[in-house]
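The values are calculated or read from the model by the stated rules, or taken from the named source; none is laboratory data. These figures come from a predicted structure and were not determined experimentally. Glycine gets a Cβ as well: all are built from the backbone with ideal geometry, and neighbour counts include every protein chain shown.
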Amino acid sequence: MASISKTPITIADQAKAAAALQNFSVSLFQAVGKHHSPTENVFISPFSVAAVLSMVGVGARGNTAVQLKKSMGLTNYVAENGNSDSVIGSLIQSIKGDENFTLEAANQLYVAEKYQLTDDFKQNLNDNYGAAGQTVDFAVDASRTKINEWVEEFTQHKIKDLLPEGSVNSLTKLVLVNAVYFKGNWMRKFDSSLTAVEPFYLGSKDKQKNVNMMHIDAEFRTGYIESLDARLLELPYVGRKLSMFIVLPNKIDGLPELELKMHEASLDDSNVEMRSAKLHVAIPKFKLDADIKLKDILIKMGIADLFDANAADFSGISGEKDLFVSNIFHKSFIDVNEEGSEAAAATGSTCRKKRSLNFEEDQIVDPFIADHPFMWLLRDNDSGMWIFLGRYVDPILIRAIPEITSTHHNDEL
């Protein structure tokens with residue numbers, strides 16, 4: 001995956017790379033979901049995970065590089081376009097906010113003292129990913145604390161302790177970190193006085209929990225995804241550069257089947273006929289916080305050599321086959337309320353058939369009531385990159401599971 005290109009990167013190039021990464025996003029979400037009970041919320045930042053894996057891929061060679069490209073959905077992309085580092089790097093660095101919202105993504109490279117990196121690797125990460133190396137002494141726990149403090153500060157104190165105690169030591173040679181922070185207001189805000197405690201059905205009319213349900217009557221883009229038997233709603237943020245999409249199964253118990261079919265259809269509006277319409281919208285007010293160790297998940301996705309001390313080939317990093325990834329840590333946070341959303345993440349180391357809505361522009365259509373399990377995603381509309389992706393099935397905070405966590409990615413070699 002290593003390449004350095006001086007050819008100007010266009011938005012079309014970035015969109016093509018983002019489209020290639022969508023299959024990876026879906027596969028990652030499905031794999032993480034299998035590690036959770038169907039009754040538990042799932043929340044990840046495929047953007048953050050892809051950023052870390054892409055940086056690792058810069059130094060991967062042989063079968064290690066082949067596995068990475070295949071699992072990330074980049075095999076055909078690289079075959080057709082020749083390079084991926086420059087485009088994916090520019091895509092990652094292009095994810096930024098403006099005067100309307102805050103969206104920041106940053107990459108950091110931490111190198112053990114006296115450990116030599118190849119000039120090509122350092123230049124590639126600096127030029128394509130904006131990751132300049134910092135030398136640290138991993139034998140001292142203060143180095144881990146320093147990395148965690150950077151992540152916490154960058155994510156406005158939403159992501160804490162990305163690297164757990166004992167995750168780095170004197171054998172650690174390299175730590176790669178990606179962090180993402182987002183805060184934006186809805187283009188059409190919900191009136192907090194209309195928020196009410198209402199039932200949220202847990203996949204059945206017989207099981208329910210109370211949730212703070214936000215309400216609004218306004219014009220939104222909406223559509224149907226027939227292959228998933230679901231409705232789609234776009235909730236844009238101010239400026240329309242970013243949007244949250246809600247994918248609501250028509251059946252109260254339809255989310256598990258929808259998740260199984262995710263590769264069969266687009267979860268955003270790229271292959272769905274969307275129309276603007278006046279309608280009543282009700283969605284839960286929610287706050288999610290998750291933490292995942294991705295090693296076992298990625299191995300099941302086909303990225304095994306990465307973590308195998310005997311098979312890993314990262315000779316593009318140091319010139320020697322002396323490195324392997326010990327684990328990848330991912331944490332995430334999102335707060336969705338009447339004003340908008342705040343989200344953070346960190347990682348260390350087709351609709352086959354379109355359906356017309358058949359309504360007039362001024363006609364009020366069926367209300368969109370998200371009172372049962374649904375999927376949601378937050379998308380950068382310029383590139384089409386999915387920044388965050390999750391399922392909401394239970395109106396409680398996500399529980400941290402020992403071997404699973406979401407929205408912080410960290411690669412330790």
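The table for this structure:
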item: Filtered residue count, the stretch 285-314, keeping only those that are β-branched (Val, Ile, Thr), more than 23 Å from GLU165 (Cβ to Cβ) and either out of contact with any Leu (no Cβ under 9 Å at 6 or more places or on another chain) or assigned to a loop (DSSP other than H, G, I, E, B) (or both); result: 1
item: Condition check for ARG144: modelled with pLDDT of 90 or more and either in a loop (DSSP other than H, G, I, E, B) or surrounded by fewer than 24 Cβ atoms within 10 Å (Cβ to Cβ) (or both); result: no
item: Single residue of the stretch 280-298 satisfying the filter (modelled with pLDDT under 95 and aliphatic (A, V, I, L, M)) that is surrounded by the most Cβ atoms within 10 Å (Cβ to Cβ); result: LEU294
item: Helices (runs of 4 or more DSSP H) completely within the stretch 26-89 that count 2 or more residues being in contact with a Gly (Cβ under 8 Å, 6 or more places away or on another chain) and either aliphatic (A, V, I, L, M) or not assigned by TED's automatic domain parsing to the domain that holds ILE387 (or both); result: 46-58, 62-71
item: Selection count where residues are crowded, with 21+ Cβ neighbours inside 10 Å and more than 11 Å from PHE138 (Cβ to Cβ), scope the stretch 110-124; result: 2
item: Any pair with Cβ under 6 angstrom, 6 or more apart, that starts in the stretch 90-103 at a residue that is closer than 11 Å to ILE9 by Cβ and ends at one that is part of a helix (DSSP H, G or I); result: LEU91/GLN14; LEU91/ALA17
item: Which listed residue, of TYR237, TYR201, is under 21 Å from the mean Cα position of the chain (by Cα), of a type in the set (Ser, Thr, Tyr) and either surrounded by fewer than 21 Cβ atoms within 10 Å (Cβ to Cβ) or not assigned by TED's automatic domain parsing to the domain that holds VAL42 (or both); result: TYR237
item: Single unsatisfied condition, THR155 versus (1) surrounded by fewer than 16 Cβ atoms within 10 Å (Cβ to Cβ); (2) within 30 Å of TRP186 (Cβ to Cβ); result: (1)
item: Where a residue in the stretch 106-117 is in the same structural domain as ALA50 (by TED's automatic domain parsing) and its partner, wherever it lies, is of a type in the set (D, E, K, R) and at pLDDT 90 or above, with Cβ under 6 Å and at least six apart; result: GLU113/ASP137
item: Residue within the stretch 167-181 that is on the phi > 0 side of the Ramachandran plot and at pLDDT below 90 present; result: no
item: Residue identified as surrounded by 20 or more Cβ atoms within 10 Å (Cβ to Cβ) and either at pLDDT below 90 or farther than 18 Å from GLY33 by Cβ (or both) among ASP229, ASP269; result: ASP269
item: Failed condition for ASN107, given (1) surrounded by 19 or more Cβ atoms within 10 Å (Cβ to Cβ); (2) part of a helix (DSSP H, G or I); result: (2)
